[in-house]
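The values are calculated or read from the model by the stated rules, or taken from the named source; none is laboratory data. For clarity, every value in this text was computed on a predicted model and none was experimentally measured. Glycine gets a Cβ as well: all are built from the backbone with ideal geometry, and neighbour counts include every protein chain shown.
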Amino acid sequence: MSYEEVYKSWQTDPEGFWMQAAQSIDWDTPPTKALTVHEDGLYDWYADGMTNTCWNAVDRHVDAGNGDRTAIIHDSPITGSKTEITFAELRDRVARLAGALRDKGIEKGDRVIIYMPMVPEALEAMLACARLGAIHSVVFGGFASNELAVRIDDAKPKAIIAASCGLEPGRVVRYKPLIDGAIDLSEHKPEFCVIFQREQDLATLGPLDHDWHAFQQGVTPAECLPVEGTHPAYILYTSGTTGQPKGVIRQTAGQLVALNWTMKNIYNVDPGDVFWAASDVGWVVGHSYICYGPLIHGNTTVVFEGKPIGTPDAGTFWRVISEHKVKSFFTAPTAFRAVKREDPTGAFVKKYDLSCLGQVYLAGERADPDTITWAQTQLNVPVIDHWWQTETGWAIAANPLGIEELPTKLGSPAVAMPGYQVEILDDGGHPIKPGELGAIAVKLPLPPCTLPTLWNAEDRFRDSYLTTFPGYYETGDAGMIDEDGYLYIMARTDDVINVAGHRLSTGGMEEVLADHPDVAECAVIGVTDQLKGQMPVGFLCLNNGSGRAPSDVVGEVVQLVRDKIGPVAAFKQAVVVERLPKTRSGKILRGVMVKIADGQGYKMPATIDDPAILDEIKDALQTIGYAKTS
Ligand code: COA
Ligand code: AMP
């Protein structure tokens, strides 16, 4: 079937399409229908089915005689180690860990926070929770105590599973002090922590801490507990417009069905093939395509701990692909930009036999045409840009290689996937013509795996996604669709920015800056950056008579963001200005500031009284090297 036929088959009979896809999943009780719409307008997928995520990701492959197949390859250039775990070993390890957690009182529905680097144990912890029906919430290691505390207070976990440390080039990130700091800050107190000790930094364990290995000794392994199709598999916090992150809920059955469908149809891999997503388990890409998707589909997944450059060189990606026979490779454009900068002519690419590689996928931020062309030239395989969000868990738009390879249009993540009716709307919510810019919205209901609501925040869920355009899901992205149905993602409509593929809230950073005693007013904007796509830049107005040297305050706020949000915010640039450009009603014109920074030829809106304010902002941006226009 062609893409068009597959998409039409979904449009004609969505229920039939998703029931058919559900047949590839093992059920304890098969669902009798795919979609259930509730009176309040919210809906669920596979509500009357019973199944277990861990069974589908691990045990069923052992049952089917594939226990000897490699489930996880851990490749860690940063520690110099490589290990492989078969599906049978993974089942035993996960069952034992789940047994130990159960013995300590973890039950179905309990939340467990996982704070771990890129080690197989992170996946084992996720799968052990799934085995018991516990709801995990993985927190990215680059977030600091305060962010962890916010998540602890929202998810109210019974336990935290963590490693003693993560490893960044030239630096050991000690997790235990960060966890202790978070528990001090949070109102909710987890009952216990499980710490996986890494030799690079052994944590000192307190009375409520258990050693990962010791607490598993002599336990009875746990079996997989069937749960309802709607049971939350996990909560993943993502940036919204404020410092309070949104807890995106992923439901069990929808995730199993949709991710399994994507592995062949989008990523073009068959069971047994090696799949590698060079991301982190702390992000949605890590959940869907380091852990669950490949394992559910019976693929080998690569867990990579390192950086694309410098560990040891710009050939790391190609070495891993070649050595482990990776067929489909997924990363963020920023990683390729980093490699391209070090190796523009592909000298490192040529050192490796990449005949195993079938295709490459990019997501997480806009894939610029230069980067795609470079990758196409160097690798000589299809380079697929695809667009999705934490909220959806899988691609809204892609080039579905496993169905057919559609022509690539540079700058476009191609076409809508079955399940998604994507439309471009004007401010009044009316669909607009091909080629015109507007808000990107998706007709409800969204397909399986997408968020049913936000954890503990249904009103915020409705406000954030369902209210602006009734009958649609508001993606928060703006863009257009061309005559051929290809989508173009141009910008966010809110204050979310993407720094090195990491989704961050400028609103959250502003909250931190505003806390500084000398800061009267501030704005943080995302400006275009050659390597990271965007970088946050802060503008500060100091309190009258503060008397502080601007450079001192700048230094302090940079440190404050690092301490409160974490190094991942990459907040390194800020300037002190007299005033900020505002509308008559007092709203800061962040969009105007971004345009000045990006040199897009700003035209003064009638609402600003004082052009001198804009000159000041322009000067400030030039001072720190971000304004391209004079
Ligand atoms: N734990 C602790 N700190 C972390 C971290 C983690 N898991 N991940 C990143 N950080 C730190 C980095 O060490 C860096 O700290 P520094 O300011 O002291 O140097 C800071 O956070 C910013 O990190 P990052 O933006 O990732 O920059 P980088 O220079 O370390 O690496 C890239 C740049 C492009 C090589 C890297 O970001 C990359 O490979 N990105 C791919 C992104 C990705 O996978 N995104 C997921 C969506 S697919
Ligand atoms: P996250 O939730 O971290 O996956 O970030 C989702 C956001 O990243 C989207 O809403 C987009 O703004 C951006 N994004 C993801 N993939 C793409 C893409 N292929 N092209 C452009 N922007 C993207």
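Just one of Gln559, Gln534 is under 30 Å from Trp388 (Cβ atoms), within 16 Å of ligand 1 (Cβ to nearest atom) and not β-branched (Val, Ile, Thr); which is it? Lay out the reasoning, then the answer.
Values: Gln559 fails: under 30 Å from Trp388 (Cβ atoms).
Being under 30 Å from Trp388 (Cβ atoms), within 16 Å of ligand 1 (Cβ to nearest atom) and not β-branched (Val, Ile, Thr) holds for just one of Gln559, Gln534, which is Gln534.
Take the residues in segment 491-526 that are touching a Pro at 6+ places or on another chain (Cβ under 8 Å), among the β-branched types (Val, Ile, Thr) and farther than 19 Å from Ala363 by Cα, then tell me which one is nearest to ligand 2 (Cβ to nearest atom).
My answer is Thr506.
Can you work out which of the residues in segment 451-472 that are outside any helix (DSSP H, G or I) and of a type in the set (A, V, I, L, M) is farthest from His287 (Cα to Cα)? So that I can check it myself, show each step before the final result.
Of all residues in segment 451-472, those outside any helix (DSSP H, G or I) come to 451-457, 467-472.
Remaining after also requiring of a type in the set (A, V, I, L, M): 451, 454, 457.
On the way: Leu451: 14, Leu454: 17, Ala457: 22 Å.
Within segment 451-472, the match that is farthest from His287 (Cα to Cα) is Ala457.
Can you name every residue in segment 471-493 that is surrounded by fewer than 19 Cβ atoms within 10 Å (Cβ to Cβ) and under 18 Å from the mean Cα position of the chain (by Cα)?
Here is the first cut: in segment 471-493, the residues surrounded by fewer than 19 Cβ atoms within 10 Å (Cβ to Cβ) are 471, 478, 482-485, 490-493.
Selection gives Ala491, Arg492.
Among the numbered criteria (1) farther than 28 Å from Gly346 by Cβ; (2) surrounded by 21 or more Cβ atoms within 10 Å (Cβ to Cβ); (3) more than 15 Å from ligand 2 (Cβ to nearest atom), which single criterion is violated by Glu404?
(2)
Out of Gly272, Gly247, Gly254, I need the residue that is away from ligand 1 (no atom under 13 Å from the Cβ), on the phi > 0 side of the Ramachandran plot and touching a residue at least 40 places away in the same chain (Cβ under 8 Å). Which one?
Numbers: Gly247 fails: on the phi > 0 side of the Ramachandran plot; Gly254 fails: on the phi > 0 side of the Ramachandran plot.
Checking each option against the conditions leaves just Gly272.
Could you please let me know if Thr468 is within 16 Å of ligand 2 (Cβ to nearest atom), closer than 21 Å to Gly364 by Cα and surrounded by fewer than 19 Cβ atoms within 10 Å (Cβ to Cβ)? If you could, list the steps in order and put the result at the bottom.
Working: within 16 Å of ligand 2 (Cβ to nearest atom): yes; closer than 21 Å to Gly364 by Cα: no; surrounded by fewer than 19 Cβ atoms within 10 Å (Cβ to Cβ): yes.
Answer is no for this residue.
For segment 207-224, does any single residue satisfy the condition of being among the hydroxyl-bearing types (Ser, Thr, Tyr) and not in a loop (DSSP other than H, G, I, E, B)?
Of all residues in segment 207-224, those among the hydroxyl-bearing types (Ser, Thr, Tyr) come to 220.
Okay, now just the ones that are also not in a loop (DSSP other than H, G, I, E, B), so none.
No - not one qualifying residue is present in segment 207-224.
Pairs only if they're at least six apart or on different chains, beta carbon under 6 angstrom, first in segment 356-379 and touching a residue at least 12 places away in the same chain (Cβ under 8 Å), second within 13 Å of ligand 1 (Cβ to nearest atom) and polar (S, T, N, Q); list them, first residue then second.
Final answer for the pair search is Glu365/Asn498.
What are the pairs with Cβ atoms under 9 angstrom where one residue, in segment 95-123, is surrounded by fewer than 24 Cβ atoms within 10 Å (Cβ to Cβ) and the other, located anywhere, is assigned to a strand (DSSP E or B) and basic (Lys, Arg)? Sequence gap at least six, or different chains.
Cβ pairs passing all conditions: Val119/Arg198.
Just to be sure I understand the filter: pairs with C-beta atoms under 7 Å, separated by 6 or more residues or on different chains, first member in segment 178-200 and of a type in the set (Lys, Arg), second member surrounded by 17 or more Cβ atoms within 10 Å (Cβ to Cβ). Which pairs pass?
Partner pairs satisfying both residue conditions: Lys189/Ile183; Arg198/Ala163; Arg198/Ser164; Arg198/Cys165.
I'd like the full set of residues that are surrounded by fewer than 17 Cβ atoms within 10 Å (Cβ to Cβ) and within 14 Å of ligand 2 (Cβ to nearest atom), limited to segment 346-379.
Pro369
Just to be sure before I move on: is Tyr420 touching a Gly at 6+ places or on another chain (Cβ under 9 Å), surrounded by 20 or more Cβ atoms within 10 Å (Cβ to Cβ) and of a type in the set (Phe, Trp, Tyr) in the structure I sent? Give the derivation first.
Details: touching a Gly at 6+ places or on another chain (Cβ under 9 Å): no; surrounded by 20 or more Cβ atoms within 10 Å (Cβ to Cβ): yes; of a type in the set (Phe, Trp, Tyr): yes.
Criteria not met by Tyr420.
Look at segment 132-177 and say how many of its residues are in contact (Cβ under 8 Å) with a residue 24 or more places away in the chain and in a loop (DSSP other than H, G, I, E, B).
Here the count works out to 13.
Do you know which residues across segment 555-579 are surrounded by fewer than 19 Cβ atoms within 10 Å (Cβ to Cβ) and not polar (S, T, N, Q)?
Passing the criteria: Gly555, Glu556, Val558, Leu560, Arg562, Asp563, Pro567, Lys572, Glu578, Arg579.
Keeping to segment 1-38, report how many residues are free of Cβ contacts under 8 Å to residues at least 24 places away in the same chain, part of a loop (DSSP other than H, G, I, E, B) and either out of contact with any strand residue (DSSP E or B) (no Cβ under 9 Å at 6 or more places or on another chain) or crowded, with 17+ Cβ neighbours inside 10 Å (or both).
Total satisfying the criteria: 4.
State whether one or more residues within segment 498-514 are free of Cβ contacts under 8 Å to residues at least 60 places away in the same chain, under 21 Å from Val248 (Cβ atoms) and in a loop (DSSP other than H, G, I, E, B).
Checked segment 498-514: no residue is free of Cβ contacts under 8 Å to residues at least 60 places away in the same chain, under 21 Å from Val248 (Cβ atoms) and in a loop (DSSP other than H, G, I, E, B).
Would you mind finding the one in Ser164, Ser137 that is within 16 Å of ligand 2 (Cβ to nearest atom), modelled with pLDDT of 95 or more and polar (S, T, N, Q)? Lay out the reasoning, then the answer.
On the way: Ser164 fails: within 16 Å of ligand 2 (Cβ to nearest atom).
Going through Ser164, Ser137 in turn, just one is within 16 Å of ligand 2 (Cβ to nearest atom), modelled with pLDDT of 95 or more and polar (S, T, N, Q): Ser137.
Which of (1) of a type in the set (A, V, I, L, M); (2) in contact with a Leu (Cβ under 9 Å, 6 or more places away or on another chain); (3) crowded, with 24+ Cβ neighbours inside 10 Å does Met126 not meet, given it meets every other one?
(2)
Please determine, by comparing only the residues of segment 547-572 that are on the phi > 0 side of the Ramachandran plot and not hydrophobic (A, V, I, L, M, F, W, C), which one is farthest from ligand 2 (Cβ to nearest atom). Please lay out each step first, then the result.
From segment 547-572, those on the phi > 0 side of the Ramachandran plot are 547, 566, 570; that's our starting set.
Of the ones still in play, those that are also not hydrophobic (A, V, I, L, M, F, W, C) are 547, 566.
Working: Gly547: 41, Gly566: 15 Å.
Filtering segment 547-572 for residues that are on the phi > 0 side of the Ramachandran plot and not hydrophobic (A, V, I, L, M, F, W, C), the one farthest from ligand 2 (Cβ to nearest atom) comes out as Gly547.
Given the conditions (1) part of a helix (DSSP H, G or I); (2) surrounded by 19 or more Cβ atoms within 10 Å (Cβ to Cβ); (3) within 16 Å of ligand 1 (Cβ to nearest atom); (4) not aromatic (Phe, Trp, Tyr), report the number of the one that Gly181 does not fulfil.
(2) is the only condition that Gly181 fails.
Give Pro294, Pro245 a once-over and let me know the one that is at pLDDT below 95 and in contact with a Phe, Trp or Tyr (Cβ under 6 Å, 6 or more places away or on another chain). It would help to see each step written out before you state the result.
On the way: Pro294 fails: at pLDDT below 95.
Pro245 is the lone residue from the list that is at pLDDT below 95 and in contact with a Phe, Trp or Tyr (Cβ under 6 Å, 6 or more places away or on another chain).
Hey, does segment 558-571 have a residue that's at pLDDT 90 or above, touching a Pro at 6+ places or on another chain (Cβ under 7 Å) and assigned to a helix (DSSP H, G or I)?
Yes, there is a match, as at least one residue in segment 558-571 is at pLDDT 90 or above, touching a Pro at 6+ places or on another chain (Cβ under 7 Å) and assigned to a helix (DSSP H, G or I).
Could you please let me know if Lys104 is basic (Lys, Arg) and touching a Phe, Trp or Tyr at 6+ places or on another chain (Cβ under 8 Å)?
On the way: basic (Lys, Arg): yes; touching a Phe, Trp or Tyr at 6+ places or on another chain (Cβ under 8 Å): yes.
Spelling it out, Lys104 is indeed basic (Lys, Arg) and touching a Phe, Trp or Tyr at 6+ places or on another chain (Cβ under 8 Å).
Looking only at segment 77-96, which residues are among the small types (Gly, Ala, Ser) and under 12 Å from Pro221 (Cβ atoms)? Give the steps one after another, and end with the answer.
Taking segment 77-96 first, the residues among the small types (Gly, Ala, Ser) are 80-81, 88, 95.
Ala95, the sole residue that qualifies.
How many residues, within segment 226-244, are farther than 24 Å from Pro30 by Cα and either among the aromatic types (Phe, Trp, Tyr) or more than 16 Å from ligand 1 (Cβ to nearest atom) (or both)?
First, the residues of segment 226-244 that are farther than 24 Å from Pro30 by Cα: 235-244.
With the extra rule that they be either among the aromatic types (Phe, Trp, Tyr) or more than 16 Å from ligand 1 (Cβ to nearest atom) (or both), the set shrinks to 235, 237, 240-244.
Within segment 226-244, residues that are farther than 24 Å from Pro30 by Cα and either among the aromatic types (Phe, Trp, Tyr) or more than 16 Å from ligand 1 (Cβ to nearest atom) (or both) number 7.
Assess whether Gly310 counts as being of a type in the set (Gly, Ala, Ser) and under 23 Å from Pro447 (Cβ atoms).
Working: of a type in the set (Gly, Ala, Ser): yes; under 23 Å from Pro447 (Cβ atoms): no.
Considered against the rule, which asks whether it is of a type in the set (Gly, Ala, Ser) and under 23 Å from Pro447 (Cβ atoms), Gly310 comes out as no.
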